[in-house]
Amino acid sequence: MSDVLEDESDLSLTVKFLGRVEVVRPSGLQILEDAGQSLKTADKFNSEKAARNSKVHIFLTLSGIDILENKTKYLLYSCPLSTVSFCAVLRSSPKVFGFVAQHPASDKYHCYLFQSQKFAPVLVSAIGDAFQVSKKEHNVRGERDLVVEALRHKNKVLQRENEELKRKLVSGD
């Protein structure tokens, strides 16, 4: 069985989940290093660290990153790509990689760390590429929305002008 499942726009990898840690900043290699150090300290009462060191599936699409438990396929975490602010391989440990994402309902940031014998640089690159494509699509949608708004405004101006001309025509001015 392969550790990689690839579709035209989806990528799924089985990796070791090291854990999720709340971080103070949205980016930087030092944030990943600090998160890695934080996960090394034993804290058996912390639920965030309870699921660590287990195999998970990372499912990457153009809309987000889903982290699923390996055996049950239970969704542990889901991060829309728009919330991902940083992704890299740790300098101190080239088999460890992670990404930082903002919690969708708060101003908190979390660092998700994983270990893969073969795929760390590949997945970091794939997340970066997906993020870039997602940003381009978002910008195109935004530009289309501006064009639509401009056309609606122009339409209203022309309708008012048309009504005014009709009134003048009826009144004989």
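The values are calculated or read from the model by the stated rules, or taken from the named source; none is laboratory data. Note that this is a predicted model, so its numbers are computed, not measured. A quick note on method: Cβ atoms are made from the backbone with ideal geometry, for glycine too, and the neighbour counts reach across all protein chains shown. Ligands, DNA and RNA are stripped out before the accessible areas are found, and what is left, the full protein with its side chains, is counted by its heavy atoms. Shrake-Rupley method; radii C 1.70, N 1.55, O 1.52, S 1.80 Å.
Brief remarks follow.
- Multiplying the residue separation of Thr41 and Ser27 by 0.36 nm and removing their Cα-Cα distance gives an extension gain of 2.8 nm.
- Chain lengthening between Lys168 and Asp10 when straightened (0.36 nm per residue, less Cα-Cα): 50.8 nm
- Using a probe of 1.4 angstrom and keeping all protein chains present, the accessible surface of the stretch 11-136 works out to 52 square angstrom per residue.
- Kirkwood Rh in Å, taken over the stretch 11-136 so that all alpha-carbon pairs contribute: 14.4 Å
- Amide H contacts for Tyr77 (H built 1.01 Å from N in the peptide plane; partners 5 or more residues away or on another chain; cut-off under 5 Å): Ile67.
- The stretch between Asp34 and Gln117, if pulled fully straight at 0.36 nm per residue, gains 27.8 nm over its current Cα-Cα span.
- Surface share of carbon and sulfur [accessible, 1.4 angstrom probe, percent] for the stretch 11-136: 55 percent
- The stretch 11-136 - charge dipole about Cα centre, Lys and Arg +1 at Cβ, Asp and Glu -1, debye rounded to 20: 340 debye
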